[in-house]
Amino acid sequence: MPKSSAARLYRGTPLELVRLARLLRAGELVAVPTETVYGLAANALDARACRKIFSAKGRPITDPLIVHFHALAQLDAIAETNGAARRLAKAFWPGPLTLVLPRRKSVPAIVSAGLPSVAVRMPAHPLFRRLLKLVGVPLAAPSANPFGYVSPTTAQHVQDGLGKKIAHILDGGPAKIGLESTILDVRDPARPRLLRPGAITRAELEAALGCRVSAPPRRAEEKNRGAQLAPGLLKRHYSPRTPVVLHDVLTAAAARAGLRDEAWVLAAKPAGRNMKNIFWLDARGDLRGTARQLFSTLRQLDDGRFKKIHVALAVGDGLAEAINDRLRRAAAR
Ligand code: TXA
Ligand code: MG
């Protein structure tokens with residue numbers, strides 16, 4: 001339901017958490033902080049409540065949600081686990097890893113867009129964990145942004161994008177990681193498939209599992225499988241309205257010589273003066289800092305000031321895969 005006023009922001013006092021938990025149990029939507037990005041949460045066991053998520057976001061019902069829970073004891077009622085899932089849970093939960101497993105009947109089909117599987121995650125953000133514990137039921141939550149736009153990493157981002165569509169936002173500060181969770185399909189424990197790279201890297205997953213983890217699916221494969229298998233992998237996603245242009249290498253000199261109505265985003269802070277229209281993601285080019293700042297920087301530069309946003313691709317192992325994945329989707333036309 002569209003409304004004219006802004007959403008109410010909550011700092012998360014004990015009384016507020018009790019109130020938000022009650023609202024969630026009654027089928028209301030609450031935007032919640034996580035360590036990755038902010039989510040738009042509803043009772044995962046209530047199909048009517050989950051349907052509200054899709055309408056608030058303008059999200060097609062073919063794009064499944066992630067189910068968040070507080071304690072491992074809840075998992076068996078949501079998904080069918082296996083040895084690989086238990087290993088990963090032990091190594092990385094609570095944390096920025098989502099596992100795709102066979103879905104239990106207690107989870108309504110709409111949560112998974114009708115798929116026989118379900119995506120599950122135990123988040124690490126302390127405030128969200130306290131809320132999950134109070135609610136007592138698992139919460140379905142995609143990122144709290146209008147469908148297709150850059151994911152929110154602050155409560156204000158949620159307010160900017162969905163404030164007129166939702167009533168409650170729990171403010172847990174800026175997201176520590178800043179990129180959506182790693183998604184791994186472990187339905188076949190012998191053949192784990194990375195569906196979306198994130199802060200938990202392929203190498204870390206392989207070390208925990210003791211086997212190879214296949215790379216994210218190619219575009220052609222995504223097309224063949226239709227929008228349903230891993231729609232977070234839609235080619236164009238996480239996209240600012242301003243066109244994004246990617247560069248393997250972007251130097252300060254090139255940026256200084258560049259057009260003045262275009263923004264130039266470097267990996268690290270350049271030396272010297274004359275910084276007009278030059279931006280950087282982390283002062284020292286550190287990948288964690290880059291990931292944390294990426295979405296908020298894209299949002300800031302997407303206010304109509306610039307005709308194009310030029311960005312340097314991340315260099316290095318691990319997190320660079322996830323950062324560059326999001327940059328490629330932001331740049332896809
Ligand atoms: O970090 C995150 O993952 C955040 C926070 C809120 O937890 N959530 C998030 O959700 O970013 P989002 O907007 O990416 O939506 C969930 C995505 C879907 O687009 C899809 O790619 C994947 O999770 N997904 C959900 N269920 C799935 C399933 N059964 N099989 C394959 N992929 C699934
Ligand atoms: Mg999303």
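The values are calculated or read from the model by the stated rules, or taken from the named source; none is laboratory data. Nothing here was measured: the structure is a model prediction, and the numbers come from that model. Quick reminder, even Gly has a Cβ in these numbers, built from the backbone with ideal geometry, and neighbours come from all protein chains shown. For the accessible areas, the whole protein counts, side chains as well, though only heavy atoms, and no ligand, DNA or RNA atoms are used. Shrake-Rupley method; radii C 1.70, N 1.55, O 1.52, S 1.80 Å.
Numbers below:
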read-out: Hits in region 252-285 (condition: open to solvent by 70 Å² or more (accessible area, probe 1.4 Å) and assigned to a loop (DSSP other than H, G, I, E, B)); value: Leu259, Arg260, Lys269, Ala271, Arg273, Asn274, Lys276, Arg284
read-out: Per-region count, region 148-157, residues away from ligand 1 (no atom under 11 Å from the Cβ), touching a Pro at 6+ places or on another chain (Cβ under 8 Å), closer than 15 Å to Leu298 by Cα and open to solvent by less than 30 Å² (accessible area, probe 1.4 Å); value: 1
read-out: Members of region 193-238 that are modelled with pLDDT of 95 or more, assigned to a loop (DSSP other than H, G, I, E, B) and near ligand 1 (Cβ under 10 Å from one of its atoms); value: Gly198, Ala199
read-out: 1 or more residues polar (S, T, N, Q) and in contact (Cβ under 8 Å) with a residue 12 or more places away in the chain: qualifying strands (runs of 3 or more DSSP E) within region 46-141; value: 97-102, 117-121
read-out: Condition check for Gly161: at pLDDT 95 or above, open to solvent by 10 Å² or more (accessible area, probe 1.4 Å) and closer than 24 Å to Pro14 by Cα; value: no
read-out: Members of region 173-185 that are part of a loop (DSSP other than H, G, I, E, B) and surrounded by fewer than 23 Cβ atoms within 10 Å (Cβ to Cβ); value: Gly173, Pro174, Lys176
read-out: In region 39-67, the residues that are buried (at least 18 other Cβ atoms within 10 Å of the Cβ) and of a type in the set (S, T, N, Q); value: Asn43
